[in-house]
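The values are calculated or read from the model by the stated rules, or taken from the named source; none is laboratory data. All values reported here derive from a predicted model rather than from experimental measurement. Neighbour counts are summed over all protein chains in view; Cβ atoms, including those assigned to glycine, are modelled from backbone coordinates with ideal geometry. Calculation scope for accessible area: heavy atoms of the full protein, side chains included, ligands and nucleic acids excluded. Shrake-Rupley method; radii C 1.70, N 1.55, O 1.52, S 1.80 Å.
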Amino acid sequence: MSGPQPFVFEAGAEVKRHAPATERNRDVIAETLARLLPAEGLVLEVASGTGEHAVHFAKRFPALTWQPSDPDPIALASINAWRADSNFPNMRPAMLLDASADWPIAQADAVVCINMTHISPWAATVGLLRNAARLLPQSAVLFIYGPYNQRDVPLADSNAAFDASLRQQNALWGLRYVEDIVEEAHISGLHLDSVIDMPANNLSLIFRA
């Protein structure tokens, strides 16, 4: 199960946040991305959160330029603090980006979004799909990771409890149905390439332009 985690601050860096879940999922996500991302180009990460995934992926894929983003100024400060400490030349400064609005970027060679759809309004997922379809060249990848519902697949008890807790926190949050995302993606001009089972009852949804 994944989702909102208590943040802790790195010693000596008040703006630098740490999400324990990142250390548990970053390697398996990177292994999946290694089979999907282009050899070079610009990867836009939507809802980068603490910035830890961005730093890890910038290190793992040195031929790719990594563009982190987030709508939260506190998250942007954390991302930039991790970037400053890592000093990877292929990681750009964090961009202010609201998934549900028009994005301030004209092109990307891949789009990555980790653990956003269940802790944001549905409009954020719609915006993710719509904007990715606009940015991506033909056959390029939109990678979405997190916990999801599937109409013909029983929901794991841990994810059911997590979904209930999310909806108690915010009525606009909750685990999305894969089928609803696929339908919305089709409207936006994307098609589902594959659904990959991931550890801890998570899925990777792979869409292509």
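Between residue 182 and residue 164, what length comes free when the chain is fully extended (0.36 nm per residue of separation minus the Cα-Cα distance, one decimal in nm)? Please report the intermediate quantities before stating the final value.
Numbers: separation 18, 0.36 × 18 = 6.48 nm, distance 2.29 nm.
Extra length available between residue 182 and residue 164 comes to 4.2 nm.
For the chain, build the convex hull from the C-alpha positions and give me its volume per residue in Å³. Please list the in-between numbers first.
Numbers: hull volume 23.0 nm³, N = 209.
It comes to 110 Å³ per residue, whole-number rounded.
Hey, what D do you get for the range 36-156 in µm²/s if you plug the Kirkwood alpha-carbon radius into Stokes-Einstein at 25 °C and 0.890 mPa s? Before the final figure, lay out the partial values.
Numbers: Rh = 14.7 Å.
In µm²/s, the coefficient is 167.
Please name whichever of 161, 91, 127 sits farthest to the positive end of the charge dipole of the range 85-209, dipole taken about the Cα centre and charges placed at Cβ: Lys and Arg +1, Asp and Glu -1.
It is 91, whose Cα lies furthest towards the positive end.
Mind telling me which of 172, 33, 136 comes out most flexible in a GNM of the chain, alpha-carbon contacts under 10 Å?
With Cα springs under 10 Å in the chain, the top fluctuation among 172, 33, 136 is at 172.
For 59, 16, write out the residues from largest to smallest accessible area, computed with a 1.4 angstrom probe and no ligands counted. All intermediate terms of the calculation are to be shown ahead of the outcome.
Details: 59 140, 16 20 Å².
The ordering from most to least exposed comes out as 59, 16.
Counting only heavy atoms of the protein chains, get the accessible area per residue of the chain (1.4 Å probe) and round it to a whole Å² value.
Spelled out: the 1.4 Å probe surface of the chain, per residue, equals 46 Å².
Restricted to Cα positions, what overall size does the range 98-184 have along the principal axes? Three whole-Å values, descending.
40, 25, 19
Relative to the Cα centre, what is the charge dipole magnitude of the range 10-107, using +1 at the beta carbon of each Lys and Arg, -1 at the beta carbon of each Asp and Glu, and rounding to the nearest 20 debye?
Numbers: 9 positive and 13 negative charges, 55 e Å.
My answer is approximately 260 debye.
Over what distance in Å are the Cα centres of the range 186-201 and the range 28-64 separated?
Each part's Cα centre sits 17 Å from the other's.
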